[in-house]
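Read-outs throughout are calculated quantities, based only on the coordinates presented, and are distinct from any laboratory measurement. This structure is a prediction, so every number in the text was calculated from the model and none was measured. Neighbour counts run over all protein chains shown; Cβ positions are idealised from the backbone, glycine included.
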Amino acid sequence: MNGAQALVQTLLSSGVEACFANPGTSEMHFVAALDQSVGMKCTLGLHENVVTGMADGYFRVARKPACTLLHCGPGLANGLANLHNARRASSGIVNIVGDQATYHRQYDAPLTSDTESLARAVSGWVCTSSDAADVGADAARAVQAANAQGGQVATLILPSDASWSEGGIVVSPLLPIAPAPIEAEALEACAALLRSGKKVLILLGGNALTADCQEAAWRIAKASNATILAEYSPALVARGCGRPQLERIPYSIDLAVERLKSFEGLITVNAKAPVSFFAYPGKPSVQYAPGTQIASLSDQGQDPLQALHALADELRAPVVSMPDPGPRPLAARGAITSEGVAQTLAALMPENAIVSDESISFGRNFYPFSHAAPPHDWLHLTGGAIGDGLPVATGAAIAAGGRRRVISLQADGSALYTVQALWTQAREKLPCTTIILSNRKYNILIGEYKNVGAKPGQTAMSMLDLSDPNISWVSIAKGFGVEAASASSLEELADLLAHSFSLDAPFVIELQIF
């Protein structure tokens, strides 16, 4: 048995059942080992940033890691942006990166690079396995690391001779690393803050936004008169009927400061005290009011549900019913607006759908108009590196095994970063509906010019314009093998959504909002 065969068999025995790949020469023995094994779902991505984004979306839904297969340091570098997003999402990924044979590195061939340094920028665990006899053990440790801390990127670098050499050993799964215990002092501090009579915000983030966690947080909020909010960029939020009508902290520093100014206390649950995405001249970096008393109930790597239940019990909070969001809305009519798109989506989305949201500026107000939708999961761009929406949707659909409709709310500019994901959706016949929010510009940056106090002129504005020439999303989608159509009204959007939901295949809607 060679090292590559030991790697694949160890991954399978450790519960890794999906591989997202864009392989090269150094990885050919791994590819051959995949061909000789049963149980690994292999998915090809046409760019490494699609591959890493798919692995991120897969973990968010499956709650177990997939592996990637990337070609040497440059292939890893191509996937770094969505590995950055995956790190911010605390997604467990086993990154397999091929590398030069150990004896070949001295010759500084064209693809030779400092792969370990690249990996450390986005990984919680990095290892180079230089001997076939070590590959299985290193793979088992990689899976254990990917599942630790609530989920993290673990990168295993594999020189090609460690793959092809004989002497590989399959290693049994390692015991999972237990979450850090909830600290009694943290529990007591949070309970004291909630009993103090101060106006308190409970901020949920990370994996504290499941339906169970929200239900426990709602109990606490009702018993203590606290408010609950979500981070602006959470990895996954359970939403719709039967869940609290949760809102996020606004993106805009001005709106966020206004929203948070009245709170005297802040309790974070697998979240960080909120800060602005960027620094702006004359504006604060933190979004909460000066003098706010901050207490952390749980951090990443701790069990938020255990922590919330413990806090609810400490407060003797009774079990309460979830708030009624009212009747499901009807599809909106008329001209396209952000509110109308959200209402139409809430009116028509299938139950248990998954929404991959990279709507950027157009979608900041989607939440209030979709609370009465059927139960669904909403995935956000966590790290701010645009280009994750389509790959995350693709990986989520694979994790769901085709049993859940995945809906992408996708800004047009960022879609172009990883548009190759549409080809994978077509190849895998995935039930993905993509709404391209086509305003033909980088609209968020027009607003950011004002925020930073710059005064753009004709040259600057031309760098934010995507209309010369116009981009035909219907043509692009069809070129990748995906059925597509355009809509210029909410009625047309509703008709195309209903059509797409009837398909066992991907569909693209170019929504004209220019």
FRET efficiency, 1/(1 + (r/R0)^6) with R0 51 Å, evaluated for Ser502 and Val38 via beta carbons: 0.90
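For each of Cys190, Cys19, Cys42, count neighbouring Cβ atoms within 10 Å of the residue's Cβ, then give the residues from fewest to most.
Fewest-to-most Cβ neighbours within 10 Å comes out as Cys42, Cys19, Cys190.
Starting from the Cα-Cα distance between Arg195 and Leu175, subtract it from 0.36 nm times their residue separation and give me the gain in nm to one decimal. Spell out each step's value before the answer.
Numbers: separation 20, 0.36 × 20 = 7.20 nm, distance 3.98 nm.
Working it through step by step, the gained length comes to 3.2 nm.
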Taking all pairs of distinct alpha-carbon atoms in the chain, Kirkwood radius in angstrom: 23.9 Å
Longest exposed-site-free window of the chain, the sites being GluC sites (Glu not before Pro) in a DSSP loop that have at most 14 other C-beta atoms within 10 Å: 1-246
Charge dipole of region 3-164 about the Cα centre (unit charges at C-beta), most positive-ward option of Pro74, Ser163, Asn49: Asn49
Packing-based exposure ordering (other Cβ within 10 Å, fewest first) of Cys432, Cys241: Cys241, Cys432
Within region 272-374, trypsin sites (Lys or Arg not before Pro) in DSSP loop having at most 11 other beta-carbon neighbours inside 10 Å: Arg316
Projected label distance in nm at Ala454 and Glu188, using a 7 Å step from Cα toward the beta-carbon: 5.1 nm
Residues of type aspartates and glutamates that Lys478 reaches as a straight line, Cα spacing below 20 Å, ignoring anything fewer than 8 places off in the same chain: Asp412, Glu428, Glu492, Asp495, Asp504, Glu510
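Find the relative contact order for region 184-314 and round it to a whole percent, using C-alpha pairs within less than 8 Å whose residues are 6+ positions apart.
Taking the mean separation of contacting Cα pairs over the length of region 184-314, I get 32 percent.
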Region 17-64: trypsin sites (Lys or Arg not before Pro) in DSSP coil with no more than 16 other Cβ atoms inside 10 Å: Arg63
Full-stretch length increase - Ala279, Asn470 - with 0.36 nm per residue and alpha-carbon distance subtracted: 65.5 nm
For the chain, with +1 on Lys and Arg beta carbons and -1 on Asp and Glu, the positive-most of Ala6, Gln302, Gln100 along the dipole: Gln302
Restraint check, Lys272/Lys450; Lys222/Lys441; Lys199/Lys283, Cα-Cα greater than 32 Å: Lys222/Lys441
